[in-house]
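Visitor: Pasting in a structure now, in structure tokens, and then I'll have a few things to ask.
The values are calculated or read from the model by the stated rules, or taken from the named source; none is laboratory data. What you see is a predicted model, and the numbers here were worked out from it, not measured in a lab. Here the Cβ positions follow ideal geometry from the backbone for every residue, glycine too, while neighbour counts run over all protein chains shown. Just the protein is used for accessible areas: all its heavy atoms, side chains included, with ligands, DNA and RNA removed. Shrake-Rupley method; radii C 1.70, N 1.55, O 1.52, S 1.80 Å.
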Amino acid sequence: MDVFYRSTRDGNMKYTASEAIIQGLSEEGGLFVPSVFPHLTKTLKELSAMEYKDVAYEVMKLFFSDFTEEELRFCIEHAYDEKFDTEEIAPLSFVEDAYYLELFHGKTIAFKDMALSILPYLMTTSARKNNVKEKIIILTATSGDTGKAALAGFADVEGTGIVVFYPKGGVSRVQERQMVTQKGKNVKVVGIKGNFDDAQTGVKKIFADKEFEAALKEKGYILSSANSINIGRLIPQVAYYVFAYTRLLKEGRIAEGEEINFTVPTGNFGNILAGYYASKIGIPVHKLICASNENKVLYDFFESGVYDKNREFILTSSPSMDILISSNLERLIYEIAGEDSEKCASLMKSLSENGKYEITPEMKERCASFVGGYASEKEVFARIHEVFADTGYLMDTHTAVASAVYEMYRKNTGDELKTVIVSTASPFKFTSSVMEAVEGRKSDEDDFALIDRLSAMSSLAIPHAVEEIRNAEIIHDTVCEKDEMKKEVEEFLK
Ligand SMILES: *Cc1c(COP(=O)(O)O)cnc(C)c1O
């Protein structure tokens, strides 16, 4: 079955997967969505005998139907290799009453690696397929983890360049160090004086600037995105939901067809949307539990049907979830609006003009497989402390948001279905918060001293990604105002 990509805001658009991957965002600002959801062509049982790469192939071939098998396998082989410190790529840990799907065994020790280690291959393959001669310049706004994962993926990839914008002061020290020490002759990292939403809005503005686009094209450049608005990032994420389910099946923890829940620590709504897509292609999912930190705009949305970003932006210990505009929600809105792009466009217009919109009761009914929840800072710290004390399992702050929300969900609903908690970062990426949680007090030691103690205490080896930046030289120190982002891009392309 051929799958095309339509825009959430314009029903007349129709692109192949490779065209959509190159372009990133649709011209009028909409996101690309698949025209249909094909069903997995292998049974769950058959999939449970496969390793990660083969499961990934089974998923991606459905959505990227204009890629040949050879092309897709090439991308997958190069993405999921020794860059990961575990052969399973995405191992499951059974702790207390839930399964933790560990997506942090890649190069930058956060789940963004799952998609960003393949995106550069998908993108260069797409460019070749479409005879694109221009150099592809990736612009990315990051709340901390996307930036490094994208830099690591695209550094020194022929025919590409990458500029990453992050909120100065809004990411963890390890995250910042990871980015500003990035090597590569085609990379640039810029801190902006603003928060993640400012960075994301700034990037979207540059994408929407037609004059700029034309001027760049003249010079031999086209812009694309490595944010989760790119379907080249979203679709590879569907694979680990399928993989998690089939692992449980393989180990005899569930019966074929048994429904399970996923709890996902959510920011931009990309990860959890991939879980939803997995349910649409045949994974039996009961609930997708959308876990927010104190920036609980999504919780309020699922409760009330009103999305309202007009509120205080709170900096939390889970910075990758400090987001008030969850871009990928637009893809769900499009769907629950009955694939009505006009309706979707008008809601998004209301979001950009008034900072809010309300969905109809009918639309709300259509997102019944989602449940919102949120955890306060206090609950997150308590959860890390409690699980480590009880079991010795150490989780990072983002995963702890999901874990705390799941505990509350279970208590409140009595739902005892098997549940996978999507574990999005290594505790070493957020060491100072994790140590504060475990020890019950803030320490004034520097990050690397804490990292050494965390390792000794937990008997976990310090990941290579952390060792690598311990003594690395700082290469990028540019900081700009939030309305100077375009200038920084021009500067880079000079
Ligand atoms: C990006 C990120 C999230 C949020 O994922 P979304 O796809 O933006 O919802 C959660 N945890 C970590 C560690 C992340 O890096």
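Visitor: Checking T201 against (1) open to solvent by less than 10 Å² (accessible area, probe 1.4 Å); (2) touching a helix residue (DSSP H, G or I) at 6+ places or on another chain (Cβ under 9 Å); (3) within 16 Å of the ligand (Cβ to nearest atom); (4) not charged (D, E, K, R): exactly one of these is not met. Which one?
Guide: Here T201 clears every test but (1).
Visitor: Kindly provide the set of residues from the range 210-229 that are open to solvent by 40 Å² or more (accessible area, probe 1.4 Å) and in a loop (DSSP other than H, G, I, E, B), ordered by number.
Guide: Scanning the range 210-229 gives a single hit, K219.
Visitor: For residues that are open to solvent by less than 10 Å² (accessible area, probe 1.4 Å) and more than 9 Å from the ligand (Cβ to nearest atom), tally how many sit in the range 137-156.
Guide: 9
Visitor: Where residues in the range 95-116 are at pLDDT 95 or above and hydroxyl-bearing (S, T, Y), which of them is farthest from I462 (Cα to Cα)?
Guide: For the range 95-116, the residue satisfying everything is Y99.
Visitor: Tally the residues that are touching a residue at least 60 places away in the same chain (Cβ under 8 Å), more than 13 Å from Y307 (Cβ to Cβ) and not hydroxyl-bearing (S, T, Y), restricting the search to the range 347-369.
Guide: Result for the range 347-369: 0.
Visitor: Return the residue satisfying two criteria in turn: it lies in the range 161-186 and is among the β-branched types (V, I, T) and at pLDDT below 95, and of such residues it is surrounded by the fewest Cβ atoms within 10 Å (Cβ to Cβ).
Guide: Checking each candidate, the answer is V174.
For every residue, the table says whether it meets (1) of a type outside the set (A, V, I, L, M, F, W, C); (2) open to solvent by 50 Å² or more (accessible area, probe 1.4 Å); (3) outside any loop (DSSP other than H, G, I, E, B).
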| position | (1), (2), (3) |
| --- | --- |
| S320 | yes, no, yes |
| L324 | no, no, no |
| E330 | yes, no, yes |
| I333 | no, no, yes |
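Visitor: Identify all residues within the range 410-429 that are surrounded by fewer than 24 Cβ atoms within 10 Å (Cβ to Cβ) and under 23 Å from the mean Cα position of the chain (by Cα); write none if there are none.
Guide: T419
Visitor: Looking at S443 and the list (1) among the small types (G, A, S); (2) touching a residue at least 40 places away in the same chain (Cβ under 8 Å); (3) closer than 20 Å to L315 by Cβ, which single condition is not satisfied?
Guide: (2)
Visitor: Give E294, E256, E312 a once-over and let me know the one that is touching a Lys or Arg at 6+ places or on another chain (Cβ under 6 Å), away from the ligand (no atom under 11 Å from the Cβ) and open to solvent by 20 Å² or more (accessible area, probe 1.4 Å).
Guide: E256
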